[in-house]
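Shown next, in structure tokens, is the structure this report addresses.
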Amino acid sequence: MPFSLRLAALLLTSSASLASAQVGGSVAATLQQPALSAFKKAGNTLTGAAGTTVKLTPKGSFVESAAALLPGGDPHQAGRLLGALIGEDVEQDLVAYLKQPTVQYRLPLGLTVAVGAYDLKLQTRGKTLTMNVSLHQVTGFAAVPGTRVLGDPAAPIVIRMYSDLQCPYCQQAELDAMPTVVRSLQTQKDVRLEFHYIPLIKIHPNARPAAEAAVCAENQGQFWAFKDALFRRDDWQHSSAPQATFQAVAARLNLNAAAFRDCLTKHSGKAMVEAGLSEAENIEIQGTPTVFVNGYQVPDPDDAASYQAMIDFVRAK
């Protein structure tokens, strides 16, 4: 794998543990990072040896972005500083990335690596290396019908859950985090929750039928109850005839049996599911569950506190 892709893959993997990340986290936590312990603080600027500086851009008590300037361009120091700013050990990967001939050629012009939850901008001027780190904000989200929205549909803070009904990691997030997240909507009136279909059909053969069945339940105003019921049981996930479970769940929810069965038979939910897959491709979602709060990726979809931390970051002034 080329080092550029290796760096991208590593940072993408590290986004799963962004609860420890400093950009997007608190200013206080950033200042406690060992790689910054010898730096002197003056306002929002940290100054180290040989004129190395790190300027933090605050957003309330959070770090919105950070700009590092390394007069000597030491790639190892750059890697250590990047690690301090994202909460991961990426020193060797960044060193290898910066040594690539194509990267060396591009650095004087400036280049941006958009991976996982971060935008990393790099540029050299002579021997000086500048490095800017910020949370990556995704745009281009598609609207979903009100049948898949909880909370005030006009709420300015939007939690967007991209999920596969057969995905075990999605199931874990639904069982561990979502009950708390949904309850919090009762008191956080400026937040709404959306569900977006993204069945990973290559690895989960029953994911598309489940998503289409959920659309059929959605047509009768029972999407959330139907989705919750499927995540609470495993018997359909590897069944050769999952429709039997879908119809049993529909019956317990008192859906119109004939209308639900007709919807399943005619694959009436196919277009809506295809629209979800198309949206996921457009915004380059790599797996499930993927969750965003106003375009910023939630670090740990299994942890309700991770959702709240990102909500607090978005709210910060």
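Label reach from GLN286 (point 7 Å along Cα→C-beta): in segment 84-114, amide nitrogens under 19 Å belong to 84-98, 112-114. Note the angle between two axes, namely the Cα long axis of helix 304-315 and the longest principal axis of the Cα atoms of the chain, as a number of degrees from 0 to 90, rounded to the nearest 10. With both axes taken from Cα atoms, the answer is about 60 degrees. Considering only the Cα atoms of the chain, their convex hull presents on average a projected area of 17.5 nm². Charged neighbours of GLY83, selected by a Cβ distance under 12 Å, balance to -3 (K, R count +1; D, E count -1). For the chain, every cysteine has a partner cysteine C-beta closer than 4.7 Å. Ordering VAL249, PRO156, ALA309 by Cα displacement along the dipole of segment 146-315 toward the positive end leaves VAL249 in first place; charges were set at the Cβ atoms of Lys, Arg (+1) and Asp, Glu (-1).
Let's see if you can work this out: charge +1 on each Lys and Arg Cβ, -1 on each Asp and Glu Cβ, no other charges. What is the dipole magnitude of segment 146-315 about its Cα centre, in debye to the nearest 20?
That gives segment 146-315 a dipole magnitude of about 500 debye.
If you fit an axis through the alpha-carbon atoms of helix 243-252 and take the longest principal axis of the Cα set of the chain, what angle between them do you get, 0 to 90°, nearest 10? Between the helix axis and the principal axis of the chain, the angle is about 80 degrees. Over the chain, with a Gaussian network built from C-alpha contacts below 10 Å, which listed residue (PRO299, PRO156, PRO58) shows the highest mean-square fluctuation? Between PRO299, PRO156, PRO58, it is PRO156 that shows the largest mean-square fluctuation. Please express the Cα-Cα pair-distance distribution P(r) of segment 81-132 as a list of whole percents, one per 5 Å bin, running from 0 to the bin with the greatest distance. Cα pair-distance distribution for segment 81-132, in percent: 5, 18, 30, 31, 13, 3. The distance separating the Cα centre of segment 203-219 from that of segment 256-288 comes to 6 Å. Set the Förster radius R0 to 41 Å, insert the Cβ-Cβ distance between LYS99 and ALA271 as r into 1/(1 + (r/R0)^6), and round the FRET efficiency to 0.05. Efficiency at R0 = 41 Å is approximately 0.25. If R0 is taken as 25 Å, the Cβ-Cβ distance between ALA49 and ALA305 corresponds to a FRET efficiency of 0.10.
Do the alpha carbons of any pairs in LYS227/LYS266; LYS202/LYS266; LYS202/LYS270; LYS99/LYS127 sit beyond 18 Å of each other, and which pairs? List each step's numbers first, then the result.
Numbers: LYS227/LYS266 20 Å; LYS202/LYS266 22 Å; LYS202/LYS270 16 Å; LYS99/LYS127 14 Å.
Table pairs above 18 Å Cα-Cα are LYS227/LYS266; LYS202/LYS266.
To one decimal place, what orientation-averaged projected area in nm² is obtained for the convex hull of the Cα set of segment 199-302?
7.2
Principal axis extents of the Cα atoms in segment 143-194, from largest to smallest and rounded to whole angstrom, are 31, 23, 15. Report, in degrees rounded to the nearest 10, the 0 to 90 angle that the Cα long axis of helix 75-86 makes with the longest principal axis of the chain. Around 40 degrees separate the two axes. As a proxy for reagent exposure, THR112, THR290, THR147, THR139 were ordered by neighbouring Cβ count within 10 angstrom, fewest first; the result is THR139, THR112, THR147, THR290. All other residues whose Cβ lies under 13 angstrom from that of ARG208 are scored, Lys and Arg at +1 and Asp and Glu at -1, for a net of -1.
Toward the positive end of the charge dipole of the chain, with +1 on the Cβ of Lys and Arg and -1 on the Cβ of Asp and Glu, the farthest Cα among ALA217, THR288, SER26 is that of SER26.
No value in this document is a laboratory result; all are computed from the given coordinates. Just so it is clear, the model here is predicted, and its values are computed rather than measured. Please note: Cβ atoms are built from the backbone with ideal geometry, for glycine as well, and neighbour counts cover all protein chains shown.
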